[in-house]
Amino acid sequence: MSKLILGVGFNSGGKHKATIDGKRAKSYTTWHHMLQRAYCSKLHVKRPTYVGCSVSEEWLDFQHFSDWFYGNPYSDLGYHLDKDLLVTNNKVYGPETCCFVPQELNTLLLDSGVARGDLPQGVYLYKPSSKFMARVGVDGKREYLGLFDTETEAHQVYKTYKEAHVKRKALEWQDRIASDVFDALMRWSLDS
C-alpha cells in the first residue's frame, strides 16, 4: 500500500504502474487530476464548480481506476475525463458516471458563469444601448446573435442556437466517440 494521495487516493499495488520509464503513466496522471478536482481546496478556490465533488470508493484505488481506464477504447486518444455528461449535474467520479469526451466537445458544454456575472448563460449587457446581447462561442470565435430588449429574449436565442450547435458537433464526431457520449450530446439541453 502506498501513501495517501490528497488524503484519500491510494495504490493497492498490482499490474498498473504509476510510472513507466521514469514518466507518469497516462492512467496515473488522469487519476491524480481527478483526485485534485474532487479534493484539492486550492484548486476549488480557482475552480469552484468542483466544490462538492467526490470520487467513488472503488476509484480511490489507482488499480481499479486503471482497470477502467485501460478497458476504455477512448482512453488513449487524449480525451477529457467527464463526470456529468452522462448523468446531468453529477458530482461523483465513478465507473457508472464517467466517460471520455474530446476537448472540443467538452469545452462546448462549459458554463463560464464567472465571466458573465449574474446574467443567464450567453447573455451580456451591451452598455451603449442598455440592451442585452446574445453571443456564443463557435470554433474558438465569438458569434454575435443579436441585441434584445430583455435578458430572457437574448437567452432564448442563445439557448436555441447552442443546443443546435452541440447536436451538429455530436454528429460531426459520431464515429470518434462512444455511443453513450453521442446519445448524451444529442439529448443535451442548456437547462438540464
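The values are calculated or read from the model by the stated rules, or taken from the named source; none is laboratory data. These numbers come from a predicted model, not from an experiment. Counting neighbours? That spans all protein chains shown, and the Cβs are built from the backbone with ideal geometry, glycine included. Please note that ligands, DNA and RNA were not included when accessible areas were found on the heavy atoms of the full protein model with its side chains. Shrake-Rupley method; radii C 1.70, N 1.55, O 1.52, S 1.80 Å.
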Practice task
Of all residues in segment 134-166, count the ones that are assigned to a strand (DSSP E or B) and under 13 Å from residue 121 (Cβ atoms).
Solution key: 5
Completion exercise
The condition from (1) of a type in the set (A, V, I, L, M); (2) open to solvent by 60 Å² or more (accessible area, probe 1.4 Å); (3) farther than 28 Å from residue 50 by Cα; (4) not in a helix (DSSP H, G or I) that residue 171 misses is numbered (4)
Practice task
Find all pairs meeting these conditions: Cβ atoms under 8 angstrom apart; at least six residues apart or on different chains; first residue within segment 25-51 and of a type outside the set (Val, Ile, Thr); second residue assigned to a helix (DSSP H, G or I) and open to solvent by 80 Å² or more (accessible area, probe 1.4 Å).
Solution key: 26/76; 27/70
Exercise for the section: Those residues that are part of a strand (DSSP E or B), surrounded by fewer than 17 Cβ atoms within 10 Å (Cβ to Cβ) and not aromatic (Phe, Trp, Tyr), I need them from segment 120-130; list them, please. Expected result: 125
Problem - Candidates 67, 61, filtered to the one that is of a type in the set (Asp, Glu) and open to solvent by less than 60 Å² (accessible area, probe 1.4 Å) - result: 61
Practice task
Report, by residue number, each residue of segment 121-144 that is among the aliphatic types (A, V, I, L, M) and within 21 Å of residue 103 (Cα to Cα).
Solution key: 136, 138
Practice task
Only residues that are part of a strand (DSSP E or B) and surrounded by 12 or more Cβ atoms within 10 Å (Cβ to Cβ): list them for segment 1-41, please.
Solution key: 5, 9, 10, 20, 24
Practice task
Identify, by number, the condition in (1) farther than 30 Å from residue 64 by Cβ; (2) open to solvent by less than 30 Å² (accessible area, probe 1.4 Å) that residue 163 doesn't meet.
Solution key: (2)
Exercise for the section: Output the residue which, of all residues in segment 80-123 that are aliphatic (A, V, I, L, M) and within 17 Å of residue 167 (Cα to Cα), is modelled with the lowest pLDDT. Expected result: 110
